[in-house]
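What follows is a set of notes on a single structure, which appears directly below.
No value in this document is a laboratory result; all are computed from the given coordinates. These numbers were taken from a predicted model, which means no experiment stands behind them. Positions of Cβ are backbone-derived with ideal geometry, glycine not excepted, and every protein chain shown enters the neighbour counts.
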Amino acid sequence: MKFKLIYPKWKKLPGQTTFNLPPHGPVVFAACLPERVDVSFTDENVEDIDFEEDCDFVGISMMLSTQVKRGWAIADEFRRRGKQVMFGGISTMLHAEETLQHADSIFLGEAEGRMEQVIADWEKGQLKKVYNYMGKQPDIALVGPARRDLYKRELYNHKGVQMVDLFHASRGCKFSCYPCAVSYLGGRCFRPRPIEKAIEELETIDNNRLFIVDNSLAQSTQWELDLFKEMIPLKKKWISHTIEDKPEVLDLAAQAGAWYVYQAVYDTSDYIRERVKRYHDYGIGVEGTILLGLDNQTEDDILRLIDFLLSIDLDLAEFTVLAPFPHTKAYDDLMRQGRIFDHDWDHYNAGQVVYQPKNMSPERLQELYEYAWKSFYHDETQEEKMFKLFTKVMLREMEDGTYRPRDRKLANKSFGKDVDRSASKVNLR
Amino acid sequence: MFDMKVNDKYFDEIFDFAGQWEMPSKCGLKIVKRGDKTVVLATELYQDNPGSSITYAGGSLIKQICEAKKLDLRNIIYVECNPDTNSKLSFYDEEMFRVDFEVENEMPTNLKYTQLTKEEIESIL
């Protein structure tokens, strides 16, 4: 049986450097399919979909709200051609009712141990409209190595430099952060993978640079310490979300190859300043993630925050405006107050204001968001700052003998397209 | 990071309900008789609620409570409580909303939220 797996494209935010990373969800899902299923994968962010490709059954994997409308259009086209289409993934779960209107079937929840039944149902012509496993998480030990063999590697390469591979070591989250739906999607319990399973998968990844995409590694100190300890011999270099602010954790993380972390910067306190410094003390870079438009922020607060960022030696910064995704407290609060005015999911890209902020107009928040990006990268562009981080990681790789020179055959290619040498910035799609 | 344990001052029992897509969900519940009306107070439990929030569950939760407790949908005052969680973040301060609704085919619809002051909460409870 030929299964066509598709990851829909989405419109990238204007003015920002685009790096297309190999998507994680589809290949984690593909690892759950029975061996008899022949899978072909297309990431529409880096290549066009061939609607004529020979296939029996189509799966559409969606992570972002900004993918859903495109995903529905793709499904409509395949269904018009007589193919059956199933949806899965995070944003399928967040937008399930609407997605159902464009699907022969939707899969809600985690796929491990469940796809044999789904495929058998399809083979018998008895595909169910909904496979609902919400709140019924499978044993985390069932999570096996992702099907990274499905990637067309040359498409995730920028001027000869291979993009990082994505990897996850846990699921679920014990925190209920205001703008986040992870606890709804993956459960409110932190579910770490057995260390040996995580390490086994890491060993299979033919890439020394990784992005550990777990929502937060800072949920169990002992597990974090055990994981980092076992990662040291692998000599990988990696990006992750927050790491616990404890000397023994930071020390082991650095030894295990922590390259840089995403750290939320939500105020101008000494705590944040020192937190960033402590990462740097251990040789770990910091990309600040700054959420704008919360109810406790005035225009002055945002302007002060931007000045503060320039003073704390962040390696990179990523600004977003609050997007009230379904199943978050932000959504509940704004919905109760009737403040959400835009329900077009294409606009839920965290760069466009879709609600009435408390202390300013939507237009003013939009201006401040754009001002934040321009101010932070005024003296040094995003690419220049990124290059500095790359230099640091290359030096560390040279020290431990894991450095791989860029692939010269792909030096004139960026994500599968010819590089326009006349352009000063990468500008794709 | 913070522990979002909810104080039980606004509920007498934990009520199990079916959330979105039948997800097993929980909320705090207090039912108080006030004259000829019944006040139903549902409290969000955050980390102790494994499924849908009480706000997202909305009318479905109201219907489930009324069915389980044999209350007349048309004769209740329904209040949603988003309790204080001892967070430094103001988004998790206590907020209460009176939820008014219409009833169509025995299902609450067209929910309207009105935030209550401390005095209003005291007078209702």
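Go ahead and run the numbers for FRET between A:Phe341 and A:Lys388, Cβ-Cβ distance against an R0 of 41 Å, rounding to 0.05. Please list the in-between numbers first.
On the way: r = 40 Å, r/R0 = 0.98.
After rounding, the FRET efficiency stands at 0.55.
Only one residue of A:Ile195, A:Ala317, A:Ala372 has its Cα farthest out toward the positive end of the dipole of the protein assembly as shown, where Lys and Arg carry +1 and Asp and Glu -1 on Cβ, and that residue is A:Ile195. In plain terms, the chain from A:Asp295 to A:Ala264 could stretch by 9.5 nm, reckoned as 0.36 nm per residue minus the Cα-Cα distance. Counting only Cβ charges, +1 for Lys and Arg and -1 for Asp and Glu, the dipole size of the protein assembly as shown around its Cα centre is about 820 debye.
Projected label points at A:Arg278 and B:Gln115, each 7 Å from Cα along the beta carbon direction, are separated by 3.4 nanometres. Our estimate of slack between A:Lys83 and A:Ile232, defined as 0.36 nm per intervening residue step minus the Cα-Cα distance, is 49.0 nm.
Here the Karplus relation 6.51 cos²θ - 1.76 cosθ + 1.60, evaluated at θ = phi - 60°, turns the backbone of the range A:316-321 into coupling constants of 8, 9, 10, 9, 9, 9 Hz, with x for every Gly and Pro.
Based on the Cβ-Cβ distance of A:Asp379 and A:Ala411, what FRET efficiency does E = 1/(1 + (r/R0)^6) give at R0 = 25 Å, to the nearest 0.05? Working shown, then result.
Numbers: r = 28 Å, r/R0 = 1.13.
My answer for the efficiency is 0.35.
About its Cα centre, how strong a charge dipole does the range B:14-125 have in debye, to the nearest 20, once Lys and Arg get +1 and Asp and Glu get -1 at the Cβ?
On the way: 13 positive and 19 negative charges, 55 e Å.
Here the range B:14-125 has a charge dipole of around 260 debye.
When only Cα pairs below 8 angstrom with a gap of at least 6 residues are kept, chain A shows a relative contact order of 16 percent.
Each peptide in A:386-399, A:205-218 receives the mean, over its residues, of other Cβ atoms within 10 Å, and ordering these scores from highest gives A:205-218, A:386-399. Of the residues A:Ile243, A:Leu294, A:Tyr266, the one whose Cα sits farthest toward the positive end of the charge dipole of the range A:202-304, with +1 on the Cβ of Lys and Arg and -1 on the Cβ of Asp and Glu, is A:Ile243.
Considering only alpha-carbon pairs that sit under 8 angstrom and 6 or more positions apart, the relative contact order computed for the range B:8-124 is 19 percent. Per-residue ellipticity at 222 nm computed for the protein assembly as shown from its helices equals -9000 deg cm²/dmol, with DSSP H segments shorter than 4 residues left out and the rest contributing -39,500 (n - 2.57). Counting only DSSP beta bridges whose two residues both lie in the range A:141-398, roughly 20 percent are antiparallel.
What full-extension length gain, to one decimal in nm, is calculated for B:Asn105 and B:Val32 as 0.36 nm per residue of separation minus the Cα-Cα distance? Don't skip to the answer; put the middle values down first.
Working: separation 73, 0.36 × 73 = 26.28 nm, distance 2.56 nm.
So the extension gain works out to 23.7 nm.
Compute the FRET efficiency between A:Glu154 and B:Leu125 as 1/(1 + (r/R0)^6), taking r as their Cβ-Cβ distance and R0 = 60 Å, and round to the nearest 0.05. It comes out at approximately 0.40. DSSP assigns beta bridges within the protein assembly as shown; of those with both partners inside it, close to 40 percent run antiparallel. With one equal scatterer per alpha carbon and no solvent term, the Debye-computed log10 I(q)/I(0) for the protein assembly as shown at 0.10, 0.12 1/Å reads -0.92, -1.33.
Within the protein assembly as shown, the cysteines lacking any other cysteine Cβ closer than 4.7 Å to their own Cβ are A:Cys32, A:Cys55, A:Cys173, A:Cys189, B:Cys27, B:Cys66, B:Cys81.
Structure remark: mean-square fluctuation, Gaussian network model of chain A, C-alpha springs under 10 Å; the largest value among A:Asp346, A:Asp139, A:Asp43 belongs to A:Asp139.
Any idea how far apart A:Phe51 and B:Asp48 come out in nm if each label point goes 7 Å out from Cα toward Cβ? Each label point is offset 7 Å from its Cα along the Cβ direction, giving 5.3 nm. Along the axis of the charge dipole computed for the protein assembly as shown (Cβ charges of +1 for Lys and Arg, -1 for Asp and Glu, origin at the Cα centre), the listed residues B:Phe17, A:Leu166, B:Val99 are led at the positive end by A:Leu166.
Taking a Cβ cut-off of under 14 Å around B:Thr117, the surrounding Lys, Arg, Asp and Glu residues balance to a net charge of -4, with basic ones at +1 and acidic ones at -1. The charge dipole of the range A:141-398, taken about the Cα centre with unit charges on the Cβ atoms of Lys, Arg (+1) and Asp, Glu (-1), comes to about 720 debye, rounded to the nearest 20. In the range A:13-71, the inverse of the mean reciprocal separation of distinct Cα atoms equals 13.6 Å; this is its Kirkwood hydrodynamic radius. Mean partner shielding of peptide B:95-102, defined as the number of other chain Cβ atoms within 10 Å of each residue Cβ, is 1. Seen against the Cα atoms of chain B and their longest principal axis, helix B:54-69 is set at about 50 degrees. Using the average count of surrounding beta-carbon atoms within 10 Å as a protection proxy, the listed peptides A:113-125, A:19-31 rank, highest first, as A:19-31, A:113-125.
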